[in-house]
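The values are calculated or read from the model by the stated rules, or taken from the named source; none is laboratory data. As the structure is a prediction and not an experimental result, all values here were calculated from the model. No Cβ is skipped: glycine too gets one built from the backbone with ideal geometry, and neighbour counts run over all protein chains shown.
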């Protein structure tokens, strides 16, 4: 029997449902619940991964015909699944991450034995994967919105899993509030689309923007930008992301950063490229500007963090910004009538989408392994872990190199494609608007440099030098399944980096469906060994060639050693300590000291708070104790969200007087509301 993508997709969806049900049935048996929930989730992820690969490799842009999932009791509402090329691409992401994180969770969840209910964790984990997968393959607005809300609800429960901590409860409530705001904006945007089409299926919404007035189309775009932007974590709507990611279990953090925030990218791509039609110029300019600001500010705030998971959360904001830079450039090219450049920008944005999912999922799993072994997220209490956790250190290093956009790994490829799209866009318009392309390219270069500096700090402070605490001193390597999950994502980072032309071929059905162009043949040179650009002056790159050259040069130092130093006597001794009695952890670079130069350069943005307290014995020249405190607070939280919260609480206290407890007053409210609705309807 030939397995079709539709069959594999249904197996994946049913598998997640069975995994969630099994977790609830095994609430009091933590070990069977652990194996069942995460084992079934891994198999379901593998099935979904095969479905996505078969779909994209088949080269059909229109995809599987829409089919009814089941017939509900309500009339005129039929839920349907639609697996086209765009859905298959995001199905590939959620299934790949679901497989790797499920393997990791088999070992990671053992840390909750006797402390938290692993059955609940596994059931919610499967439910989140089920809701997210359903949302990606939904064929109508009803199923999309129901899956979107279920995804938000299960993610809230997982973020709040360790609810006994005040920090966790606060982050969970913040995520819940922001999820309701984004859902409200998305529903309003879909209502505008439904008003123009009269139908709720995605097929009828294709290019519906041509039937809408410019004002309603612009309003829909802004609503979707805010709604999907909150979920993606764009600046300044990102406030929930650095709060929720650190407090969630690390496997959930990896899933949220790798997949959940990509639901915002999926929704925005689906709406802007499939539903709303040819965009006006200001749409692309807005998206490109928001992406540039998010990328730069995300990496700057990441540099100031000492909490390892919070640092990674800010880097998610940075990389979402890079994705939006590609998508924004594509929207501008569609307006100016350059479909090939629009396709290049779309490929750059979507390539970075899957790249970010893999290396950020890997980094969060690595941070989870470190947290599992040291019981702290504070990098100031780590150090020396490379000797105690060598495989975890290697996998984290792979992710750090990839996110820093260094060749030959995958982050380099997608950022190189983004550079090509931005630099080639300079000649597409004659107005001053053309300057936004080189400016965004310069900001992307700054972002890449700061990201590299940030991960020198993250890896060096965490894994190198000497342990700074007893937890780091007694850390040990994590279990085999946890290393398998990290190893799978590390391997994908290498494959996506070394073979970009082969992966671009998988995007041909997607770009054909959305823009009507295919670029794999034009981007693939020298039988697929070299990745090119659309113009002769754009340049070429071969990550496989760079890796091959490095491997060819590798024997040279070994040959020199064999010839000149093979018989040299080797003596091992302690590290040179500049004549001191011995190195101690107090002599190491701290995370605060490492980021101090960046904090001074951008002090106008950070506005750091510093406090120094001194205690003296006899003279101010002889200090007995020194206490130094420094922290950076987000300007958006201080200037926007905190005043808004104060205003909302004040207004709420005044509105509370309306709740007088009088039935007559409530009947009056209802009457006034009905009267206002009748006047509005007329």
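Going by the conditions given, is residue 429 surrounded by 24 or more Cβ atoms within 10 Å (Cβ to Cβ) and either outside the structural domain of residue 599 (by TED's automatic domain parsing) or in a helix (DSSP H, G or I) (or both)?
no
Condition check: without any contact (Cβ under 8 Å) to a residue 40 or more places away in the chain, in contact with a helix residue (DSSP H, G or I) (Cβ under 7 Å, 6 or more places away or on another chain), closer than 17 Å to residue 264 by Cβ and in a helix (DSSP H, G or I). Does residue 223 satisfy that?
Yes, satisfied.
Would you mention how many residues in region 602-612 are assigned to a helix (DSSP H, G or I) and surrounded by 11 or more Cβ atoms within 10 Å (Cβ to Cβ)?
So the count comes out to 3.
Out of 295, 302, I need the residue that is buried (at least 24 other Cβ atoms within 10 Å of the Cβ), under 24 Å from residue 379 (Cβ atoms) and more than 13 Å from the chain's Cα centre (by Cα). Which one?
That would be 302, the only listed residue that is buried (at least 24 other Cβ atoms within 10 Å of the Cβ), under 24 Å from residue 379 (Cβ atoms) and more than 13 Å from the chain's Cα centre (by Cα).
Pick out, from region 309-420, the helices (runs of 4 or more DSSP H) lying fully within it that include 1 or more residues that are farther than 25 Å from residue 459 by Cα, assigned by TED's automatic domain parsing to the domain that holds residue 537 and at pLDDT below 95.
339-374
Got a sec? Which of 458, 421 is within 21 Å of residue 534 (Cβ to Cβ), crowded, with 18+ Cβ neighbours inside 10 Å and either touching a residue at least 24 places away in the same chain (Cβ under 8 Å) or within 24 Å of the chain's Cα centre (by Cα) (or both)?
None of the other options fit; the residue is 421.
Restricting to region 495-522, name every residue that is surrounded by fewer than 19 Cβ atoms within 10 Å (Cβ to Cβ) and out of contact with any helix residue (DSSP H, G or I) (no Cβ under 6 Å at 6 or more places or on another chain).
Selection gives 495, 499, 502, 512, 516, 521, 522.
Which number in (1) under 27 Å from the mean Cα position of the chain (by Cα); (2) assigned to a loop (DSSP other than H, G, I, E, B) marks the one condition that residue 450 misses?
All conditions are met except number (2).
Conditions tested, residue by residue: (1) under 26 Å from the mean Cα position of the chain (by Cα); (2) closer than 24 Å to residue 143 by Cα.
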{"residue": "3", "(1), (2)": "no, no"}
{"residue": "7", "(1), (2)": "no, yes"}
{"residue": "15", "(1), (2)": "yes, yes"}
{"residue": "32", "(1), (2)": "no, no"}
{"residue": "45", "(1), (2)": "yes, yes"}
{"residue": "48", "(1), (2)": "yes, yes"}
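I'd like to check which helices (runs of 4 or more DSSP H) are fully inside region 505-595 and have at least 2 residues that are closer than 24 Å to residue 56 by Cβ and either in contact (Cβ under 8 Å) with a residue 12 or more places away in the chain or not assigned by TED's automatic domain parsing to the domain that holds residue 327 (or both).
The qualifying helices (runs of 4 or more DSSP H) are 508-514, 520-523, 543-553.
List the residue pairs whose Cβ atoms are under 6 Å apart, where the first residue sits in region 624-640 and is farther than 14 Å from residue 297 by Cβ and assigned by TED's automatic domain parsing to the domain that holds residue 611, the second is at pLDDT 75 or above and part of a strand (DSSP E or B), and the two are 6 or more positions apart or on different chains.
624/615; 625/615
Among 336, 376, 392, 358, which is touching a helix residue (DSSP H, G or I) at 6+ places or on another chain (Cβ under 8 Å) and either over 27 Å from residue 109 (Cβ atoms) or without any contact (Cβ under 8 Å) to a residue 40 or more places away in the chain (or both)?
Being touching a helix residue (DSSP H, G or I) at 6+ places or on another chain (Cβ under 8 Å) and either over 27 Å from residue 109 (Cβ atoms) or without any contact (Cβ under 8 Å) to a residue 40 or more places away in the chain (or both) holds for just one of 336, 376, 392, 358, which is 336.
Taking the stated definitions as given, is residue 348 closer than 16 Å to residue 437 by Cα and either within 18 Å of the chain's Cα centre (by Cα) or crowded, with 24+ Cβ neighbours inside 10 Å (or both)?
yes
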